[in-house]
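First the structure, in the form of structure tokens, and then the observations on it.
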Amino acid sequence: QKEVEQNSGPLSVPEGAIASLNCTYSDRGSQSFFWYRQYSGKSPELIMSIYSNGDKEDGRFTAQLNKASQYVSLLIRDSQPSDSATYLCAVNTNFNKFYFGSGTKLNVKP
Amino acid sequence: DVKVTQSSRYLVKRTGEKVFLECVQDMDHENMFWYRQDPGLGLRLIYFSYDVKMKEKGDIPEGYSVSREKKERFSLILESASTNQTSMYLCASSPGAGLKTQYFGPGTRLLVL
């Protein structure tokens, strides 16, 4: 079993819709959770971090964490074509090791 | 702003060559990481370092070594490049305490012929 699992997609949503990206992790001791956006040919760029159960909002982005279910999600409201990218979920388990999911490709159609 | 730079964006090497990939960060971060990224496999950790001259193996260290002589610089060495090491190599850094956010460099796309 992988440490971090994501649906590879592609997830297609129309412009203006809500995109919902999901991630599960296996280590119950995980403490920090991150969402990165990666455009084709570019390096990952941090968009959200979350450390405690519940929701965290930043502009059009909302990260949701449920430690009991070992589940973290990212909602993108009012999706734009410029949001089309691969979204990586990352989990910090212990000491300074990070585990990344394989990413979900998001296509936002104009 | 955190800045992580990598010495090359694209590199072409021949099988058997020794390859050096350099990474420099300017935020005085304690931790530095080397990953490779391949389609369908995601990001895989090769090595990381939490202090000068300290290193820890990641998930796929075979065929690689690292060097961290100065805090800001972390080098990845391919002792004898092979075609299966053709990949995108990403360097990252993070602070030693508090928030553990990782910041990535632009990546080096390595082709081994």
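The values are calculated or read from the model by the stated rules, or taken from the named source; none is laboratory data. Bear in mind the structure is a predicted one, so any value in this text is a computation, not a measurement. Positions of Cβ are backbone-derived with ideal geometry, glycine not excepted, and every protein chain shown enters the neighbour counts. Calculation scope for accessible area: heavy atoms of the full protein, side chains included, ligands and nucleic acids excluded. Shrake-Rupley method; radii C 1.70, N 1.55, O 1.52, S 1.80 Å.
Can you find even one residue in region A:45-53 that is within 30 Å of B:T5 (Cα to Cα) and polar (S, T, N, Q)?
Scanning region A:45-53 turns up at least one residue that is within 30 Å of B:T5 (Cα to Cα) and polar (S, T, N, Q).
Residue under question is B:V52, and the condition is that it be open to solvent by 20 Å² or more (accessible area, probe 1.4 Å) and either in contact with a Gly (Cβ under 6 Å, 6 or more places away or on another chain) or assigned to a strand (DSSP E or B) (or both); does it hold?
Numbers: open to solvent by 20 Å² or more (accessible area, probe 1.4 Å): yes; either in contact with a Gly (Cβ under 6 Å, 6 or more places away or on another chain) or assigned to a strand (DSSP E or B) (or both): no.
When the stated conditions are applied, B:V52 does not pass them.
Do we find that A:S52 is farther than 20 Å from B:C91 by Cβ, hydroxyl-bearing (S, T, Y), at pLDDT 95 or above and open to solvent by 40 Å² or more (accessible area, probe 1.4 Å) in this structure?
Numbers: farther than 20 Å from B:C91 by Cβ: yes; hydroxyl-bearing (S, T, Y): yes; at pLDDT 95 or above: no; open to solvent by 40 Å² or more (accessible area, probe 1.4 Å): yes.
The answer is no for A:S52.
How many residues, within region B:65-90, are of a type outside the set (S, T, N, Q), open to solvent by less than 60 Å² (accessible area, probe 1.4 Å) and either at pLDDT below 95 or under 16 Å from B:M54 (Cα atoms) (or both)?
Residues that pass the stated criteria total 6.
State whether the residues of region A:55-73 include one that is within 26 Å of B:G107 (Cβ to Cβ), buried (at least 18 other Cβ atoms within 10 Å of the Cβ) and facing chain B (nearest Cβ under 10 Å).
no
For B:T108, state whether it is open to solvent by less than 80 Å² (accessible area, probe 1.4 Å), of a type in the set (S, T, N, Q), over 17 Å from A:N92 (Cβ atoms) and away from chain A (no Cβ under 14 Å).
No, not satisfied.
When you go through A:V72, A:V91, A:V13 one by one, which is the residue that is more than 14 Å from the chain's Cα centre (by Cα) and in a strand (DSSP E or B)? Show your work before the answer.
Values: A:V72 fails: more than 14 Å from the chain's Cα centre (by Cα); A:V91 fails: more than 14 Å from the chain's Cα centre (by Cα).
From the options A:V72, A:V91, A:V13, the qualifying one is A:V13.
Do you know which residues across region B:23-49 are surrounded by 15 or more Cβ atoms within 10 Å (Cβ to Cβ), out of contact with any Leu (no Cβ under 8 Å at 6 or more places or on another chain), part of a strand (DSSP E or B) and charged (D, E, K, R)?
Of everything in region B:23-49, just one residue is surrounded by 15 or more Cβ atoms within 10 Å (Cβ to Cβ), out of contact with any Leu (no Cβ under 8 Å at 6 or more places or on another chain), part of a strand (DSSP E or B) and charged (D, E, K, R), namely B:R44.
Step by step: first the residues of region A:94-110, then only those that are surrounded by 18 or more Cβ atoms within 10 Å (Cβ to Cβ) and more than 14 Å from every other protein chain (Cβ to nearest Cβ), then the one that is nearest to the chain's Cα centre (by Cα). Which residue is that?
Here the residue is A:L106.
So which residues in region B:19-59 are touching a Phe, Trp or Tyr at 6+ places or on another chain (Cβ under 8 Å) and free of Cβ contacts under 8 Å to residues at least 24 places away in the same chain?
B:G42, B:R44, B:L45, B:F48, B:K55, B:E56, B:K57 - these are the residues of region B:19-59 that are touching a Phe, Trp or Tyr at 6+ places or on another chain (Cβ under 8 Å) and free of Cβ contacts under 8 Å to residues at least 24 places away in the same chain.
Kindly establish whether B:S93 is more than 13 Å from chain A (Cβ to nearest Cβ) and either among the hydroxyl-bearing types (S, T, Y) or part of a strand (DSSP E or B) (or both).
no
B:E62 - would you say it is more than 11 Å from every other protein chain (Cβ to nearest Cβ) and without any contact (Cβ under 8 Å) to a residue 12 or more places away in the chain?
The answer is yes for B:E62.
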